[in-house]
Structures are given as structure tokens and as C-alpha cells.
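I'd like to ask you about the structure that follows.
The values are calculated or read from the model by the stated rules, or taken from the named source; none is laboratory data. Here the structure is a predicted model, which means the values were calculated and not measured. A quick note on method: Cβ atoms are made from the backbone with ideal geometry, for glycine too, and the neighbour counts reach across all protein chains shown.
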Ligand SMILES: [Zn+2]
């Protein structure tokens, strides 16, 4: 059996993405005083994410725990993994970090709502999980939420290693890190491909061509969700450890990771009130459309 989704069925699934749901999730997530990886409050936020996913009927949802040292202290950190089984074992991963940070990196007690960085990416994935809960897909999906991103991609490094060691058939990965505050240009999403000329951000050559093709596929769907696009390269987020292990990765990003250009970046004012909801909704639809397209039999 093959599951093949045409344009009409993709369109009708995209229409289920709700701005109201995104607002609800992002308000709840930003209400945790901080999601700094050293704060016990991050566990509360993780439990909240876990409960949301389970409420949609996802039973195969678990913590992937690992130990890491932050500021000379050892912490047990937790990624969150939610599995949706497809007809085959070929795996599409959609991921985002759920921790956040302040300008003063070791400050784990100040108010740090992290609405755009990276509540936006987390809530988009929760909404995609909700919409896909009762859809039958060809490939399997993992919705993954990383901890310790801000301390050097700790969660994604640990999970990429786990995926590799267990020989899992990770086919495509989409990472979302800051997708609610369009900075590059209004209504414009930055699509990040694995073509960075700096070897630090592009450790393996063999996966570049497929990543560029995958980015093209995402690009081709931007106008259908009312977005403009700008093509760029992957840089400093959770796709990198997967890239380094040879997997095919892309990212979506709003261009606002800069405290000089964006006054809310890594600050107590990174609040839901500064989110561009139409933009966040459109990028969520774009990511969902890309998943459905790559899942469709005719695409490969
Ligand atoms: Zn981030």
C-alpha cells in the first residue's frame, strides 16, 4: 500500500492549522517563568509539551535523557520525542529546541519567556502534530523537542548520536528555530539549506545536493501559503549535529537572531505580544505542506 496525497488533500489538511491554537500554546509555554536548561522549570515546560502531544492521542511519546555539563555543573537534560508511525519506517523528523536563554548566558533565574526563541518553533510543531494526529502517512514522523540548544546544541548532539547508533532510517529533517518575528523582510521566510561554505557549518559534502533539492521543494510551496522566501544556509542550530552525521537537513527561520536588530532577542521582552501571528501561521502551514509533499508517493 502506498499513501499518495494530491494537492487538494494537502490543501484541506493545511486549512486545519489554527492561529487560535498557536496562540494558546505559545501563551502557555511563555508563561513558564524561564525555560533555561539549568532551571527545574524546564522540566515543567517539558511535561506540558508531553501532555499536549498525548492529548492528541500520541501514545509513543517519551523523554530522551542525557547528562551534560553547563557552567561546570552536571545536569540531566531531557529531549522530548513523539513518534507517529507510517506505513514504512523511513523517518521524517521535525524538530525545535524548547529551552531558552538570556543575554547573560548563565542567568537561569530571570524572567525568560522565549516566545519567539524558540516557543514559536515548538508551538508550530505541536500544531502540526495536532493536525496530523488522525492522518495516515507513508513515512514515519518524529516530532522532537531539544533541550540545551543554547549551551551548544547539547540535546541535538545527543539525539543525533542516538539516531546514528541505532541505525534509524532518518530520511529528511526540518528544524524550526525562531519563526514568529519576520526580520529579514515582512512575510518572508528564510529557508536554510546545507550549503554553507564554512566547513564548521557543513561537515559532510554528500548530503548537500539532497538538502538543496529539499529546500527547493519547500521554496516551491511558499506562495501557496502566502509567504515570500529568501534562500540561505544552515547555521548554529539543531540541524547541525544531524548534518555532521550525514543526514539531509533544512531549516526555517525568520532572520531575527540578533540582539542589535531585534530588541527582544534573548531578553525578558521575548513575549507572545511581539509575535506576528499571521506569519507564524503561514510558516507552520509551509512546514506541514513540506512534510506532506515529501511524504507523498509521487515526490520520490
Ligand atoms: Zn533558538
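Looking at 133, 160 in this structure, which one is closer than 30 Å to residue 59 by Cα, at pLDDT 95 or above, more than 16 Å from the ligand (Cβ to nearest atom) and over 17 Å from the mean Cα position of the chain (by Cα)?
Result: 133 is the single residue among 133, 160 that is closer than 30 Å to residue 59 by Cα, at pLDDT 95 or above, more than 16 Å from the ligand (Cβ to nearest atom) and over 17 Å from the mean Cα position of the chain (by Cα).
Go through region 236-247 residue by residue and tally those that are surrounded by fewer than 23 Cβ atoms within 10 Å (Cβ to Cβ) and more than 15 Å from the ligand (Cβ to nearest atom).
3
Among (1) surrounded by fewer than 19 Cβ atoms within 10 Å (Cβ to Cβ); (2) in contact (Cβ under 8 Å) with a residue 12 or more places away in the chain, which single condition is residue 200 missing?
It is condition (2) that residue 200 fails.
Counting only residues that are surrounded by fewer than 20 Cβ atoms within 10 Å (Cβ to Cβ) and in contact (Cβ under 8 Å) with a residue 24 or more places away in the chain, which one in region 92-119 is farthest from the ligand (Cβ to nearest atom)?
So the residue we want is 109.
From the list 246, 205, 226, which residue is under 21 Å from residue 154 (Cβ atoms) and more than 17 Å from the chain's Cα centre (by Cα)?
246
Moving on to the next point. Which number in (1) at pLDDT 95 or above; (2) within 16 Å of the ligand (Cβ to nearest atom) marks the one condition that residue 256 misses?
If we test residue 256 against (1) at pLDDT 95 or above; (2) within 16 Å of the ligand (Cβ to nearest atom), just (1) comes out false.
Another question about this same structure. Tell me which residues, restricted to region 142-156, are touching a residue at least 40 places away in the same chain (Cβ under 8 Å) and within 15 Å of the ligand (Cβ to nearest atom).
144, 145, 146, 147, 148, 149, 150, 151, 153, 154, 155, 156
Also: In this structure, is residue 19 in contact with a helix residue (DSSP H, G or I) (Cβ under 9 Å, 6 or more places away or on another chain), crowded, with 16+ Cβ neighbours inside 10 Å and touching a residue at least 12 places away in the same chain (Cβ under 8 Å)?
No, not satisfied.
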